[in-house]
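The values are calculated or read from the model by the stated rules, or taken from the named source; none is laboratory data. These figures come from a predicted structure and were not determined experimentally. Please note: Cβ atoms are built from the backbone with ideal geometry, for glycine as well, and neighbour counts cover all protein chains shown.
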Amino acid sequence: MSASPSKSNVVPLFAMEHREDDALMALSREHRAAFDTLVARHQHALLRIAAKYLGDVAAAKDVCQAVFLEVYQSRHRYQPRGRFTHWLRRVLLSRCHIAARKGRLVERTRPEPGPTPSQPDELILAEERRRLVEAHVSKPSEKHREVVVLRYAGEHPLEEIADILEVPLGTVKSRLFAAMAALSDSMKEEAP
Amino acid sequence: MSDPRFDELVQWTEGEVTTRRAAELERELASSEPLRAEKAKVDALMESLSRPAPGLDAIDLRPDLWANVEATPAPRARRLPLWLSLAAGLMVMATLSFLALRGDGIREKGGQGSLTGFEAFVVRGDEVTPLGATMHVGDALGFSYRNLPGSRATELLLYGVDSRGETFWFYPAWTDASRPPDSLHIGTSNEPVRLMEAVRHALVPGRLELHAVFLTSPVSVSDAEAGRLPEHEASTLTVEVLP
C-alpha cells in the first residue's frame, strides 16, 4: 500500500538528498557499495571546491581522498542529522586549510597541460583567465577564500554557505564581497 | 584599495542591491561603455571561479580510495576530556551519590561471593546516576571497582563492545592508535574504589556490553584485543544505548 502524498511529506529536494546521504552512510557501515555511491555522488563537487581553493588539481585529489577516507573511517560514529553535505564541506575545508598552510603548494610543481591549438580562441582565453584567477585565489584570507570557493566552485547559495560555515548570512555576504575585491585588487596589481 | 564600483557590480550580480538600484544600474549599463567593460570583468571573474580545471570532472577517486582503505588502519575511538569540565561537579556528586546509592539499585557485577566486581554510573551534566538498562548516546560513563583483600588481581581493564563489534576503551584510555597503553594498576581495599574520570565515547544506538577484566599481571590493550589475556576474572554488564 502506498501512502498518499500530503503536505507534511513534502520536503525540500536538498533536505531529501541529505537524508539519502544519511541512509547511505548508515548502509556503508556494512556495505562498501553504499559508500561507493556516496563518493560518486559527491566527489566532483568536492574536487571542484578543493582544486579552486588550492589551485592545484593533484593536491585537490589528495585532499579529497583524505576526506573520503576520514569519512569512511568515521562512518560508525556519524550521527545522522540530515546535514551530510554541509558536514562533508566542513571536513573538506578543514583539510584544505591544513594543506594550504603546510606550504606544499607554494609552487605548482605539476602544471596542468595548456589548451590545445584546436580549441576555439574563446575557450583558450577562458582557460587562461581561469589559470590567472586560480593563481590569485590564495590572496584573500582563509575565511574569505572558503566563501568564494563554496559560492562559485561549489555553486552553493549564500544561505547554504551560512549553514555550512555556521556563521550569519550577513557575515557570508561581507566575506564574499571582501574576497572578490581582494581578488580583483590582486589581479590588478599584477597586470602590466 | 577596493573599487566601490566593482564592489557594487559584484553585489548587483549576486542580487544583493535593492530593486530600485538594480533598475538604475540596468539603465546605466545600456548607455555607459565603461560600466559595461567593468561588468564584463566581474562576469569573467565569476566565470573563471566557476570553471573547473580541464579533466577535473573525469577524475574518479574510488579506486585509489579503496586501496587507501585497505592500507590504513582505522583510528581508535577517542576519550574525550570530560574530566576537566565535570571535575568539580563529579567530585562532590560522586561522593554523595556513591554513598547514597549503595544498595539502592546500582548495577553491580561480580556478586557477593566474588572478591572482584565493578559498578557503572551514567554521568549527564552534573547528574550521576546508577547505570540502568538503558543510556543515551551522549551520556558519559563513570565506574567504580571492587577488589577486596585476598584477591590476587593487580590489574584492571575496563572496556565496552557495541553490537557492531567496535571496542571502546574506558580504562586505560587509548587515545593514540600507535601507542597501546597497559592495564590499570590496582590495589585491594575493603571499600569500592571509584575511578574519578567520566568517559564519553561516540557511541551509536544499540546494545553495549561493558567488561571489567581483573588480571594478575599487566597486559597491553592491544594484547587484550587480540585475546592474549593472562590469568583473569571478568565481569560484564549490558546496556541498551538509545539515540
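Miscellaneous remarks
- Some residue of the range A:85-97 being modelled with pLDDT of 85 or more, assigned to a helix (DSSP H, G or I), of a type in the set (D, E, K, R) and out of contact with any Leu (no Cβ under 8 Å at 6 or more places or on another chain): yes
Yes/no matrix, rows are residues, columns are (1) modelled with pLDDT under 85; (2) more than 18 Å from residue B:47 (Cβ to Cβ); (3) surrounded by fewer than 18 Cβ atoms within 10 Å (Cβ to Cβ):
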| residue | (1), (2), (3) |
| --- | --- |
| A:126 | yes, no, yes |
| A:143 | no, yes, yes |
| A:152 | no, no, no |
| A:167 | no, yes, yes |
| A:173 | no, yes, yes |
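- Counting the residues of the range B:172-191 that are in contact with a Ser or Thr (Cβ under 8 Å, 6 or more places away or on another chain) and in a strand (DSSP E or B) gives 2.
- Candidate set from the range B:192-231 (those that are among the β-branched types (Val, Ile, Thr) and part of a loop (DSSP other than H, G, I, E, B)); member that is nearest to residue B:120 (Cα to Cα): B:204
- Among the residues of the range A:168-185, those that are in contact with a helix residue (DSSP H, G or I) (Cβ under 8 Å, 6 or more places away or on another chain) and either away from chain B (no Cβ under 11 Å) or among the acidic types (Asp, Glu) (or both) comprise A:168, A:171, A:175.
- Restricting the range B:3-53 to residues that are among the hydroxyl-bearing types (Ser, Thr, Tyr) and closer than 25 Å to residue A:159 by Cβ, the residue that is surrounded by the most Cβ atoms within 10 Å (Cβ to Cβ): B:48
- Leading residue by the ranking (nearest to the other protein chains (Cβ to nearest Cβ)) among those in the range A:45-100 that are without any contact (Cβ under 8 Å) to a residue 40 or more places away in the chain and hydroxyl-bearing (Ser, Thr, Tyr): A:74
- Any hit, the range B:145-165, residues being modelled with pLDDT under 85, in contact with a Leu (Cβ under 8 Å, 6 or more places away or on another chain) and β-branched (Val, Ile, Thr): yes
- If the condition is being more than 18 Å from residue B:219 (Cα to Cα) and of a type in the set (Lys, Arg), then the range B:151-169 contributes only B:164.
- Consider the range B:213-240 and keep the residues that are within 21 Å of the chain's Cα centre (by Cα) and crowded, with 19+ Cβ neighbours inside 10 Å. The one that is farthest from residue B:156 (Cα to Cα) is B:239.
- Residues in the range B:138-171 that are in contact with a strand residue (DSSP E or B) (Cβ under 6 Å, 6 or more places away or on another chain) and not in a strand (DSSP E or B): B:139, B:151, B:153, B:163.
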